[in-house]
Amino acid sequence: MNILMGVLTVVGIATMGYGIAVLLGLRYRNVDIWWWSYLRHSARTRHRRLAGCIDVMFCFADHFEPRWNGASLEAERRRVARWAEEYPRLCAGRVDADGYAPRHTFFFPSEEYRSEHIEQLIELGRQGFGEIEIHLHHDRDSSDGLRRNLEEFLHRLVKHGALPLDPASGRPLWAFVHGNWALDNSRPDGRWCGVNDELTVLASLGCYADFTLPSAPDRTQTSTINSLYYATDDPAQPKSHDQGTPVIVGGSPSGQLMIVQGPLGLRWKRRRGLPVPGIENGDVRSSHPPTPQRVDHWVKTGIHVGGRPEWVFVKIHTHGTQEEDMPSLLGEPTARMFDYLESRYNDGSNYRLHYVTAREMYNIARAAERGFTGDAGRYRDLVIPRPSYCAAGTPRRSPAP
């Protein structure tokens, strides 16, 4: 009996120690910010069974920084040229349910503007491989400074014809990703932004949606996860987008911006025979390649407009100009991801796959909000028109290999 009690005590201590280690690991990754939202989301989706064909909107958002790590002009040119040359080859012969090639959204930083880079990305867009949106890094800024910065950058992009224009007002319309994840001054230390009314400034200049999130494991992560919602700015407080009004069928836009989130959750792995939790945040790089298991997780997360669960929104992200990640992003791992998407999620009976840009994803979310049903690919240009370099009409099919 004494031996048995000793064994049970040792097992109990080991189990408790393992549990404490897991909890500390999660706390270190700032999971406490979004834990309850994750549990609620998991409970809602665990037993969901959908009838009919499920439309999967797949958006690849790239925080595209040619000057990353203080690169020289020559290095910037090599990085952009590599995308211009290799991405069309990667996508050759691949199409979604609508006949579109895989589409990349290049969120380009205002502080890294060079005309030649924008023109190369526009040429990719003309070939049907993506669109340009806006990225920004700033620190200890003011509302006026932010406005001046964006106005200048918008003026430059409009001269290139790089952004769609509002047919009524002529002003540019655009989506946004915040550098260093610090949207609306959301870092606890106030670094890498400084503007508490940032959502208001963005919206006043034509921004319709933010694609920054998820930012976990960073402290800028919101408590709301795996959602599409409208954020209302509190100009006196930071992180106004921590919660918001869900986008639902029959609803209407509110606040300043739609927040379009990518998948966030826990994925359990085994180490030394024990289950260990890791964070799945939709970040794709060489150290975290886009495996079929990850693709399944993204789809099963089931991000959708309330009342339209059969339209699933998958927004993943990367930093495409970092050399260590380009072999994965422009090579075999991403090729296998596209192969898997097109074989598993594009059979036309159970699933329809739609490769979409950030703008198109927003438009389809708005279509769901308005109550449209059926083939989601019909609504790519519903609210925000295509930029001028992407001609309307027939899909931009990828050329045969």
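Would you pick out the residues in segment 37-80 that are part of a helix (DSSP H, G or I), surrounded by 11 or more Cβ atoms within 10 Å (Cβ to Cβ) and not hydroxyl-bearing (Ser, Thr, Tyr)? Once the filter is applied, which keeps residues that are part of a helix (DSSP H, G or I), surrounded by 11 or more Cβ atoms within 10 Å (Cβ to Cβ) and not hydroxyl-bearing (Ser, Thr, Tyr), segment 37-80 yields 40, 41, 44, 73, 75, 76, 77, 78, 79, 80. Among the residues of segment 103-118, those that are surrounded by 16 or more Cβ atoms within 10 Å (Cβ to Cβ), in a helix (DSSP H, G or I) and not hydrophobic (A, V, I, L, M, F, W, C) comprise 110, 112, 117.
Does residue 319 satisfy being within 21 Å of residue 262 (Cα to Cα) and either crowded, with 20+ Cβ neighbours inside 10 Å or at pLDDT below 95 (or both)?
Judged against the criteria, residue 319 is not a match.
Exactly one residue among 380, 386 is at pLDDT 95 or above, charged (D, E, K, R), touching an Asp or Glu at 6+ places or on another chain (Cβ under 6 Å) and closer than 16 Å to residue 100 by Cα, and that residue is 380.
Which of the residues belonging to segment 150-192 are in contact with a His (Cβ under 7 Å, 6 or more places away or on another chain) and polar (S, T, N, Q)? 180, the sole residue that qualifies. Residue 192: over 19 Å from the mean Cα position of the chain (by Cα), over 24 Å from residue 84 (Cα atoms) and aromatic (Phe, Trp, Tyr), yes or no? So residue 192 passes the test. Within segment 169-178, is even one residue crowded, with 20+ Cβ neighbours inside 10 Å, in contact (Cβ under 8 Å) with a residue 60 or more places away in the chain, part of a loop (DSSP other than H, G, I, E, B) and hydrophobic (A, V, I, L, M, F, W, C)? Looking through segment 169-178, at least one residue is crowded, with 20+ Cβ neighbours inside 10 Å, in contact (Cβ under 8 Å) with a residue 60 or more places away in the chain, part of a loop (DSSP other than H, G, I, E, B) and hydrophobic (A, V, I, L, M, F, W, C). Residues that are assigned to a helix (DSSP H, G or I), in contact with a helix residue (DSSP H, G or I) (Cβ under 7 Å, 6 or more places away or on another chain) and surrounded by fewer than 20 Cβ atoms within 10 Å (Cβ to Cβ) within segment 124-152 comprise 143, 147, 149, listed in sequence order.
The requirement of being out of contact with any Asp or Glu (no Cβ under 8 Å at 6 or more places or on another chain), part of a loop (DSSP other than H, G, I, E, B), within 30 Å of residue 166 (Cβ to Cβ) and touching a residue at least 24 places away in the same chain (Cβ under 8 Å) is fulfilled somewhere in segment 221-228, by at least one residue. Taking segment 102-123 only, how many residues are touching a helix residue (DSSP H, G or I) at 6+ places or on another chain (Cβ under 6 Å) and under 20 Å from residue 200 (Cα atoms)? Final tally of qualifying residues: 1.
Candidates 317, 297, 288, 241: the one that is of a type outside the set (A, V, I, L, M, F, W, C) and in contact (Cβ under 8 Å) with a residue 60 or more places away in the chain is 317.
Restricting to segment 107-138, name every residue that is under 20 Å from the mean Cα position of the chain (by Cα) and in contact (Cβ under 8 Å) with a residue 60 or more places away in the chain. 107, 109, 125, 128, 129, 130, 131, 132, 133, 134, 135, listed by residue number.
So which of 347, 381 ends up being more than 27 Å from residue 63 (Cβ to Cβ) and surrounded by fewer than 23 Cβ atoms within 10 Å (Cβ to Cβ)? The match here is 347. Among the listed residues 301, 373, 291, identify the single one that is modelled with pLDDT of 95 or more, surrounded by fewer than 19 Cβ atoms within 10 Å (Cβ to Cβ), β-branched (Val, Ile, Thr) and over 26 Å from residue 89 (Cβ atoms). Unique residue meeting the criteria: 373.
The values are calculated or read from the model by the stated rules, or taken from the named source; none is laboratory data. Only a predicted model underlies this, so the values are computations on that prediction, with no experimental measurement involved. A quick note on method: Cβ atoms are made from the backbone with ideal geometry, for glycine too, and the neighbour counts reach across all protein chains shown.
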